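The values are calculated or read from the model by the stated rules, or taken from the named source; none is laboratory data. Because the structure is predicted, anything quoted here is derived from the model rather than measured. Reconstructed Cβ throughout: ideal geometry from the backbone, glycine too, with neighbour counts over all protein chains shown.
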Amino acid sequence: MTPSSTFRIAHLSDLHCGGPYFEPNLLVRAISEINDLAPDVVVCTGDLTTLGFRHEYQTARDYLDRLACEHLVVVPGNHDSRNVGYVHFEELFGPRNSVLRNGDVAIVAVDSTEPDLDHGQIGRGRYPWIEQEFTAEPATLKIFVLHHHLLPVPGTGRERNVVYDAGDAIECLLRSGVHLVLSGHKHVPYAWRLENLFVVNTGTVSSLRLRGNTRPCYNLIEVSGSHVDIWRKHPFHGQEKIIQFSVDTFEYEKYTGRIEREVSSR
């Protein structure tokens with residue numbers, strides 16, 4: 001990326017097609033807005049379906065086909081791995097683990113799910129592959145994508161769904177020089193900085209299964225040179241900045257509300 005260009009990534013999650021709380025109009029509005037933004041990459045961090053059935057997958061595929069973006073990165077969520085749903089995922093969306101290199105951005109995406117279980121793990125057998133893919137070619141921004149959380153999310157009640165090997169997985173990502181982790185899962189958006197790793201999850205884009213006062217949303221990542229801005233967007237109902245940081249100095253500014261914000265530097 002040149003200093004004058006902006007690289008955009010739209011990050012949506014937890015569509016939950018086919019369930020009683022799925023709201024198609026929310027997804028249609030989000031897709032329309034994302035197409036207007038013309039991102040370079042769209043990332044979808046799982047729970048495309050509610051029960052992993054083929055007709056739910058087909059509905060999700062039909063909606064995501066409306067995205068005008070050429071590059072789509074998708075991983076399954078725990079709901080997608082129910083009822084042997086990962087078979088339909090592979091048929092309709094491709095491999096459950098993938099790598100995308102677009103310009104100076106490297107994205108490594110993994111399936112963190114376990115069949116018919118809500119919890120997840122990365123798996124120690126995949127650490128060498130993750131490190132290899134992140135170090136194979138130089139990249140200004142390295143992004144790791146999964147469905148589950150690596151860190152507990154405030155406002156989600158009892159936390160049971162952080163990946164089982166979160167500590168070792170985080171150490172693997174730090175060794176790999178990863179800058180940003182994107183995930184979904186609990187329908188509550190949040191952002192952290194852990195050492196030189198920024199962990200940002202988004203809420204649900206089209207489900208009414210909402211905790212507290214959260215609203216359906218997706219995230220927009222804008223990269224200009226070494227500077228990264230991440231916005232939480234409520235389709236056609238405004239946006240708010242979540243966090244901004246530098247991949248060079250790791251200075252960052254985290255926004256905790258419309259006015260209140262938290263400032264820190266390395």
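State which residue is surrounded by the most Cβ atoms within 10 Å (Cβ to Cβ) when the search covers only the range 187-213 and only residues that are among the hydrophobic types (A, V, I, L, M, F, W, C) and under 18 Å from VAL43 (Cα atoms).
That would be VAL205.
Scan the range 56-106 residue by residue and report those that are among the hydrophobic types (A, V, I, L, M, F, W, C) and in contact with a strand residue (DSSP E or B) (Cβ under 6 Å, 6 or more places away or on another chain).
Once the filter is applied, which keeps residues that are among the hydrophobic types (A, V, I, L, M, F, W, C) and in contact with a strand residue (DSSP E or B) (Cβ under 6 Å, 6 or more places away or on another chain), the range 56-106 yields ALA60, LEU67, CYS69, LEU72, VAL73, VAL74, VAL75, PHE93, VAL99, LEU100, VAL105, ALA106.
A quick yes/no check of all residues on (1) modelled with pLDDT under 95; (2) among the acidic types (Asp, Glu); (3) crowded, with 17+ Cβ neighbours inside 10 Å:
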| residue | (1), (2), (3) |
| --- | --- |
| PRO128 | no, no, no |
| GLN132 | no, no, no |
| CYS172 | no, no, yes |
| HIS185 | yes, no, yes |
| ARG215 | yes, no, no |
| ASN219 | no, no, yes |
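Between a first residue in the range 169-194 that is in contact (Cβ under 8 Å) with a residue 12 or more places away in the chain and a second residue that is aliphatic (A, V, I, L, M) and in a helix (DSSP H, G or I), which pairs have beta carbons less than 8 Å apart while being 6 or more apart in sequence or on different chains?
From the range 169-194, the pairs are CYS172/ILE130; LEU173/ILE130; SER176/ILE130; VAL181/LEU173; LEU194/ILE170.
Would you confirm whether or not the range 150-164 contains a residue that is among the small types (Gly, Ala, Ser) and farther than 21 Å from ILE242 by Cα?
Step one: of the range 150-164, the residues among the small types (Gly, Ala, Ser) are 155, 157.
Next, only the ones that are farther than 21 Å from ILE242 by Cα stay: 157.
Yes, some residue in the range 150-164 is among the small types (Gly, Ala, Ser) and farther than 21 Å from ILE242 by Cα.
Return the residues of the range 166-195 that are in a helix (DSSP H, G or I) and either of a type in the set (Phe, Trp, Tyr) or under 14 Å from SER112 (Cβ atoms) (or both); say none if nothing qualifies.
Within the range 166-195, ALA166, ASP168, ALA169, ILE170, CYS172, LEU173 meet the criteria.
Hey, any hits in the range 62-73 for a residue that's at pLDDT 95 or above, among the charged types (D, E, K, R) and within 20 Å of SER183 (Cα to Cα)?
no
Being of a type outside the set (Val, Ile, Thr), closer than 22 Å to GLY167 by Cβ and over 19 Å from the mean Cα position of the chain (by Cα) narrows it down to one of GLN121, GLN132, so name that one.
On the way: GLN121 fails: over 19 Å from the mean Cα position of the chain (by Cα).
The unique qualifying residue is GLN132.
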